Structures are given as structure tokens and as C-alpha cells.
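Structure first, commentary second.
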Amino acid sequence: MPNRPYIVGNWKMNGTRAQMAEARAIDRGAARHAGVRVGIAPPFTLISTMVEAVQVLIVGGQDCHARISGAFTGDVSAVMLKDVGAGFVIVGHSERRSMHGESDADVKAKAQAALEAGLEVIVCVGETEAQRDAGQAEAVVCAQLDGSLPREEGVAQRVTVAYEPVWAIGTGRVASPDDVRAMHAAIRARLIALYGDGAAAVRILYGGSVNAGNAAELFAVDEVGGALVGGASLTADSFLSIVTAADPALD
Ligand code: 13P
């Protein structure tokens with residue numbers, strides 16, 4: 001992996017305050033793996049509480065609005081996330097793209113807002129099963145990168161890309177190491193075209209049914225800089241197994 005592996009839990013719409021016990025346990029476990037950067041994106045309602053409860057975990061949002069403030073009922077801005085201590089925000093998750101109709105331009109505007117607010121940003125991309133079957137997976141993902149990634153000077157340092165094939169999310173089906181290798185290589189090439197030398201700083205995470213059983217094999221693949229984990233991030237036991245698999249000190 002190019003730099004310290006990054007393992008991020010996306011809790012999606014899961015977790016009430018009772019779930020904070022798991023967050024504390026994850027934090028204690030993460031403290032034993034200094035070689036791994038560990039983050040959790042809980043629902044908005046838990047961000048502030050989690051920030052106060054943890055020592056080493058980076059806490060983030062799962063989405064933000066592109067504007068700083070205004071008449072946008074139900075939305076949360078990047079500035080608000082920063083204000084409660086978030087360190088990053090995920091934008092362009094396939095569930096946002098498909099269920100909330102977010103376009104690449106929307107995702108890019110959100111990413112820019114996040115960077116302007118001083119957050120890091122995780123930009124998600126990934127093809128559907130029909131697109132993969134049609135042989136379009138790389139073209140779709142590269143077009144998403146072109147349309148979704150902010151390009152301002154110097155931003156690459158705070159950008160992470162998460163490759164999440166839609167058909168692998170929450171399904172128990174994982175992309176094969178060969179497919180992950182090919183896609184991450186294509187993403188790296190695109191990042192170099194977009195950011196030049198700055199591309200070296202950008203981690204490329206894999207997401208989609210990552211669990212304790214398949215993590216080590218995925219992390220051995222070239223250009224896999226970590227994982228964006230959904231279901232398996234909800235308990236300390238399963239999430240910490242993935243963190244352990246990513247720890248270069250334990251190779
Ligand atoms: P699962 O790990 O539950 O497949 O979810 C992946 C994901 O969407 C993370 O953002």
C-alpha cells in the first residue's frame with residue numbers, strides 16, 4: 001500500500017446512542033494499530049457524541065450539502081460537520097447517487113464544499129452489474145472520476161477515492177482480486193491524468209462486502225489503500241479484524 005492504510009466504517013442509517021459502546025471498543029482497538037488510519041462515519045446524530053468519546057478514530061459524515069447554509073430542510077452542511085469535530089465526509093456513495101438522484105456534478109460540488117470547510121473527502125465511484133456485464137465498468141468509473149473529483153490546486157492531499165462496485169454492496173459478493181487490481185490500476189492512471197504528481201497522495205479504497213474473511217486477500221492487491229466497510233463496521237469484533245488485516249506491522 002502506498003501510505004498508511006485507511007480503514008473507514010460507513011454505518012449508514014444504523015446506530016443510536018447504544019451503539020457508542022462499539023465505537024469506544026473500536027477506538028481502543030484502533031489505538032493498538034498505529035500503522036492503520038481508522039475512521040467511522042456514523043449517522044449525523046452520533047457525530048458529535050462520537051467525536052467526544054474517542055481518542056484515535058477519525059469521525060466523519062456520510063454526506064453533506066454543497067452550500068454552507070440556507071433554506072435546505074433536512075440537509076447538513078460541510079461547515080456544520082467541521083463545527084462538531086468531523087474530519088472527513090463521504091460523498092457520492094452509490095446509495096446517494098441512486099436513491100437521491102445525485103449526479104457527478106452534485107458530488108463534485110459537495111466535495112468542493114467539504115474541502116473548503118477544511119474536511120477531507122472520500123469520493124465514491126462504482127459500476128452497476130449491468131454496466132460490468134456490458135464491459136463498461138472502467139469507462140463508467142473513469143467518467144465518474146472525471147465528473148466528481150475536485151481539481152483545485154493542492155486538494156489531492158485531502159482526497160480519497162473509494163471504489164465500490166454497486167453489485168458488491170451489502171450483497172456478500174466481493175469483486176475478485178483480479179478485477180480489483182485492474183480497476184484500481186485504471187483509477188490510479190486517471191488520478192495521475194487529473195492530479196499529476198499530486199495523485200501519489202490519493203488512497204484508493206475498496207468497498208463492497210469487505211469482511212474479516214476476505215480483507216487480507218483484498219489488501220494484498222496492488223493499489224488497494226484500505227477499505228470502506230459497511231455492515232462489518234458495526235461491531236468492534238468484525239471491524240477490528242479488518243483493521244488488523246490491514247496493519248503492515250503484522251505482515
Ligand atoms: P457493505 O460492506 O455492507 O457491503 O457496504 C459497503 C459500503 O457501501 C460502504 O460504503
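The values are calculated or read from the model by the stated rules, or taken from the named source; none is laboratory data. Quantities reported herein were computed from a predicted structural model and do not represent experimental measurements. Here the Cβ positions follow ideal geometry from the backbone for every residue, glycine too, while neighbour counts run over all protein chains shown.
Is it fair to say Glu164 is closer than 24 Å to Val38 by Cα and touching a Cys at 6+ places or on another chain (Cβ under 8 Å)?
Working: closer than 24 Å to Val38 by Cα: yes; touching a Cys at 6+ places or on another chain (Cβ under 8 Å): yes.
Here the answer is yes, as Glu164 does meet what is asked.
Exactly one residue among Val125, Val159, Val155 is within 19 Å of Ala199 (Cβ to Cβ) and within 15 Å of the ligand (Cβ to nearest atom), and that residue is Val125.
Residues in the range 142-171 that are under 18 Å from the mean Cα position of the chain (by Cα) and among the small types (Gly, Ala, Ser): Gly147, Ser148, Ala156, Ala162, Ala168, Gly170. The condition of being outside any loop (DSSP other than H, G, I, E, B), surrounded by fewer than 16 Cβ atoms within 10 Å (Cβ to Cβ) and either within 16 Å of the ligand (Cβ to nearest atom) or at pLDDT 95 or above (or both) holds for Ala193. When residues in the range 24-58 are screened for being within 21 Å of Ile90 (Cα to Cα) and either touching a residue at least 60 places away in the same chain (Cβ under 8 Å) or part of a strand (DSSP E or B) (or both), 9 of them pass. Considered as a group, the residues in the range 214-225 that are within 18 Å of Pro165 (Cβ to Cβ) and more than 12 Å from the ligand (Cβ to nearest atom) include one that is surrounded by the fewest Cβ atoms within 10 Å (Cβ to Cβ), and that residue is Asp222.
How many residues does the range 173-190 contain that are part of a helix (DSSP H, G or I) and surrounded by fewer than 20 Cβ atoms within 10 Å (Cβ to Cβ)? Steps first, please.
Step one: filter the range 173-190 for residues part of a helix (DSSP H, G or I), giving 177-190.
Those left that are additionally surrounded by fewer than 20 Cβ atoms within 10 Å (Cβ to Cβ): 177-179, 181-182, 185-186, 188-189.
Result for the range 173-190: 9.
If you take just the strands (runs of 3 or more DSSP E) that sit entirely in the range 75-172, which of them hold at least 1 residues that are among the aromatic types (Phe, Trp, Tyr) and touching a Gly at 6+ places or on another chain (Cβ under 8 Å)? Filter on the range 75-172 gives 88-91, 159-163. Against the conditions (1) within 16 Å of the ligand (Cβ to nearest atom); (2) modelled with pLDDT of 95 or more; (3) touching a strand residue (DSSP E or B) at 6+ places or on another chain (Cβ under 8 Å), Pro150 satisfies every one except (1).
When the range 1-22 is examined, which residues are found to be surrounded by 23 or more Cβ atoms within 10 Å (Cβ to Cβ) and not aromatic (Phe, Trp, Tyr)?
Listed by number, the residues that qualify are Pro5, Ile7, Val8, Gly9, Asn10.
Somewhere in the range 67-81, is a residue buried (at least 16 other Cβ atoms within 10 Å of the Cβ), away from the ligand (no atom under 15 Å from the Cβ) and free of Cβ contacts under 8 Å to residues at least 24 places away in the same chain? Full working, then the answer.
From the range 67-81, those buried (at least 16 other Cβ atoms within 10 Å of the Cβ) are 76-81; that's our starting set.
Filter once more, keeping what is away from the ligand (no atom under 15 Å from the Cβ): 76-81.
Subset that is free of Cβ contacts under 8 Å to residues at least 24 places away in the same chain: 80.
Within the range 67-81, one or more residues are buried (at least 16 other Cβ atoms within 10 Å of the Cβ), away from the ligand (no atom under 15 Å from the Cβ) and free of Cβ contacts under 8 Å to residues at least 24 places away in the same chain.
Of all residues in the range 229-250, none satisfies being out of contact with any Ser or Thr (no Cβ under 7 Å at 6 or more places or on another chain), within 22 Å of Gly147 (Cβ to Cβ) and within 13 Å of the ligand (Cβ to nearest atom).
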